[in-house]
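Asker: Here it is, the structure in full.
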Amino acid sequence: MKPRSRREIPAVNKLLAALGEHDLATASKLPRPLVVDLVRRKLSKARSSRQIREIGSTVEELRHSLELLRASRLQQVINGTGIVIHTNFGRAPIAPEAIRALTEIGSGYSNLEYDLATGERGHRGAYIENALALLCGAEAATVVNNCAAALVLIVHHFAAEDARRGQSAPPKHEIIISRGEIVQIGGGFRIGEIIEATGAVLREVGATNKTTLDDYRRAIGPRSAMILKVHRSNFFMSGFVESPPTASIAALARKKRIPFVEDLGSGAVVPTEQFGIAEHEPTPSEALKAGSNLVCFSGDKLFGGPQAGIIVGKNRLVAALKRDPLFRALRCDKLCFAALHATIDLHLNQRAPEIPAIKMLQATEDELRNRAVAMKDRLSDLPFQIAIGRSTGRVGGGTLPKSMMSSVTIEIRPKNCSPAEFAARLRSATPPIIGYIANNRLKIDLRTIFPQQDKAVIEAIRAACFERV
């Protein structure tokens, strides 16, 4: 066969025309410069290749690349996994009130840093800080863009404080922490690495499974900047374990005149027993009452708001953090404040059950089963096996690792394809529907699906059933 000439590589316009109406409709959801750039990159790759492919092969490859590009855009998905605070899906859905606040504040100007009473420049986040302090029973509060940033700010401030003051004594840059609390969080990041990135030095105490108050006492010295307690919210240990309570560490810290900080992570301000969960998640107010000087936690987990790192505690310490130059680099924008403001108000007004994540956690098995029965009835004419099953939901988001909730699933065993193929079809729906496969069935857990999404799930399942392979 005669080798194909590089002159036979088609032009950009020819490839766009060859894609056809269906593929151009997919491409129309993308900015045209992105589509043209993708075509040009494919042609550049073809020119550098020793083997020139036929235009049909190039078009098929382009179609696949366009679909991947379209699917990578940020978009809503329907969560059928049963994991309520799913980090891969954006953690906690925010409340309708928060959505309205985002629309109102984001679509125009606001008094973000303007004092309407004086007509002069105001303080960013003044209302939110006052409201958070009240909600958590703290002297003061502030907010940065996530909980890791909150920890970085706190460690950086206390570890670098002596250096900024120009003291000649040995710098206090050691952060005392139990070995059993040097946890790894999402994305492969580890608490120890985050702390060391600030220039601080970890002073590990105790063993993985046992840390005593004497371990902390022996570690405190001239170079100690603070004691850090990290709540093991994404795993648990049982058996031969020991860890001193917050109150005991706080008393030691007071005696030694050293700050004591607790990272709670999950941000539960509502008692988790209200969800029907036996496991108790410590709240910021409990930690502060036990003697913690500062507490930090996430805004987008059990708190049910946007991504944020919330810091509450002693007024003098919070004020010092806000004067730190690093605070400016970590501050939140107006959209975060808008959504957080609305979420805090819901908590203060005793309307936490209206927050989507909390509402999902409180849904009863009977409520979920009634929805499943209605959905099954509307899918009973399709050529596959469908059943209603029981499952175990999880809180997720590195929260309450021992706790599981009974839930209800729609279980599908397709006849014209494998469960994995059927799952892929649902992921390509609009909006995508994501379940999981177990026992050779595709399972869709209703605990994490909003009732108003049931119709979209039914329609997507029907479409996927008749989709051509």
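Asker: Could you tell me how many degrees, from 0 to 90 and to the nearest 10, lie between the Cα long axis of helix 96-106 and the main elongation axis, the longest principal axis, of the Cα atoms of the chain?
Answerer: 90 degrees
Asker: Could you run the Debye sum over the Cα atoms of the stretch 176-334, one equal point scatterer each and no solvent, and tell me log10 of I(q)/I(0) at q = 0.13, 0.15, 0.17 Å⁻¹, two decimals?
Answerer: Debye intensities relative to I(0), on a log10 scale: -0.65, -0.89, -1.17.
Asker: Just to check I understand the Karplus step: with θ = phi - 60° and J = 6.51 cos²θ - 1.76 cosθ + 1.60, what whole-Hz values come out for the stretch 437-450, glycine and proline as x?
Answerer: My calculation for the stretch 437-450 gives 10, 8, 6, 6, 9, 8, 10, 10, 8, 7, 4, 9, 10, 5 Hz in order.
Asker: So how far apart, in nm, are the two label points at residue 30 and residue 130 if each is 7 Å from Cα heading toward Cβ?
Answerer: It is 5.0 nm.
Asker: On a 0 to 90° scale, report how tilted helix 334-348 is relative to the longest principal axis of the chain, with both axes built from alpha carbons and the result rounded to the nearest 10.
Answerer: That works out to roughly 70 degrees.
Asker: Per 0.36 nm of contour for each residue apart, how much would the distance between residue 278 and residue 232 grow if the chain were fully extended, relative to their Cα-Cα spacing?
Answerer: Once the chain is fully extended between residue 278 and residue 232, it gains 14.9 nm.
Asker: Additional query: Quote the FRET efficiency, to the nearest 0.05, computed for residue 217 versus residue 87 with a Förster distance R0 of 30 Å and r equal to the Cβ-Cβ distance.
Answerer: 0.25
Asker: Cβ neighbours within 10 Å, averaged per peptide: list 264-271, 429-436 in order, most packed at the top.
Answerer: 264-271, 429-436
Asker: Per DSSP H run of n ≥ 4, the term is -39500 (n - 2.57); total these for the chain, divide by its residue number, and report the mean residue ellipticity at 222 nm rounded to 500 deg cm²/dmol.
Answerer: -12500 deg cm²/dmol
Asker: What distance in nm lies between label points placed 7 Å from Cα along the C-beta direction at residue 74 and residue 387?
Answerer: So the two model labels end up 4.1 nm from each other.
Asker: Compute the long axis of helix 365-379 from its Cα atoms, compare it with the longest principal axis of the Cα atoms of the chain, and write down the angle in degrees, 0 to 90, nearest 10.
Answerer: 10 degrees
Asker: Another question, if that's okay. Testing the spin-label approximation: label points 7 Å from Cα along Cα→Cβ at residue 12 and residue 415. State their distance in nm.
Answerer: Here the answer is 5.0 nm between the modelled labels.
Asker: Mind computing the radius of gyration and Dmax over the alpha-carbon atoms of the stretch 101-158? Å is fine for both.
Answerer: Answer for the stretch 101-158, Rg first and Dmax second: 14.2, 39 Å.
Asker: So, one more: Applying a 10 Å radius around every beta-carbon, put 345-353, 312-320, 115-123 in order of their mean neighbour count, most first.
Answerer: Order by mean packing, descending: 312-320, 345-353, 115-123.
Asker: What is the list of residues in the stretch 277-306 whose amide nitrogen lies under 19 Å from a point 7 angstrom out from the Cα of residue 104, following Cα to Cβ?
Answerer: In the stretch 277-306, the label zone of residue 104 (backbone N under 19 Å from the point 7 Å along Cα→Cβ) covers 305-306.
Asker: Can you give the extra length, in nm with one decimal, that the chain gains between residue 189 and residue 111 once fully stretched, where that is 0.36 nm per residue apart less the Cα-Cα distance?
Answerer: That pair, residue 189 and residue 111, stretches by 24.5 nm at full extension.
Asker: What number, in percent, do you get for the relative contact order of the stretch 377-469 if the mean sequence gap of Cα pairs under 8 Å and at least 6 apart is divided by its residue count?
Answerer: It comes to 28 percent, rounded to a whole number.
Asker: Separate question: Using a probe of 1.4 angstrom, how much of the accessible area of the chain is carbon and sulfur, in percent?
Answerer: Exposed carbon and sulfur together represent 51 percent of the surface.
Asker: Of 444, 15, 265, which is farthest along the charge dipole of the chain in the positive direction, counting Lys and Arg as +1 and Asp and Glu as -1 at C-beta?
Answerer: 15
Asker: Same structure, new question: Please compute the per residue accessible area over the chain with all protein chains in place, 1.4 Å probe, rounded to a whole number of Å².
Answerer: Here the residues of the chain average 51 Å² of exposed surface.
Asker: With only alpha-carbon atoms in the gyration tensor, what are the semi-axes of the equivalent ellipsoid for the chain, in Å, largest first?
Answerer: For the chain, the semi-axes come out at 47, 30, 24 Å.
Asker: For a quick protection proxy, order the peptides 273-284, 357-368 by their average other-Cβ count within 10 Å, most packed first.
Answerer: Most protected by this proxy first, the peptides run 357-368, 273-284.
Asker: Let me have the relative contact order for the chain, percent, based on Cα pairs under 8 Å that are six or more residues apart.
Answerer: About 19 percent, as a whole number.
Asker: Is there a pair in 359/443; 289/402; 210/255; 256/289; 210/322; 29/359 whose C-alpha atoms are over 30 Å apart, and which pairs would that be?
Answerer: Where the Cα-Cα span goes over 30 Å, the pairs concerned are 210/322; 29/359.
Asker: Given H placed on each backbone N at 1.01 Å, which residues far from residue 267 in sequence or on other chains put an amide H within less than 5 Å of it?
Answerer: 298
Asker: Mind checking the full-extension length gain between residue 467 and residue 359? Use 0.36 nm per residue of separation minus the Cα-Cα distance, one decimal, nm.
Answerer: 35.4 nm
Asker: Compute all pairwise cysteine Cβ distances in the chain, then list the cysteines with no distance under 4.7 Å to another cysteine.
Answerer: Flagged as lacking a Cys partner: 136, 147, 296, 417, 465.
The values are calculated or read from the model by the stated rules, or taken from the named source; none is laboratory data. Everything numeric in this text was worked out from a predicted model, so none of it was measured. Glycine also receives a Cβ, built like all others from the backbone with ideal geometry; neighbour counts cover every protein chain displayed. Just so you know, the surface numbers come from the protein's heavy atoms only, side chains and all, with ligands and any DNA or RNA stripped out. Shrake-Rupley method; radii C 1.70, N 1.55, O 1.52, S 1.80 Å.
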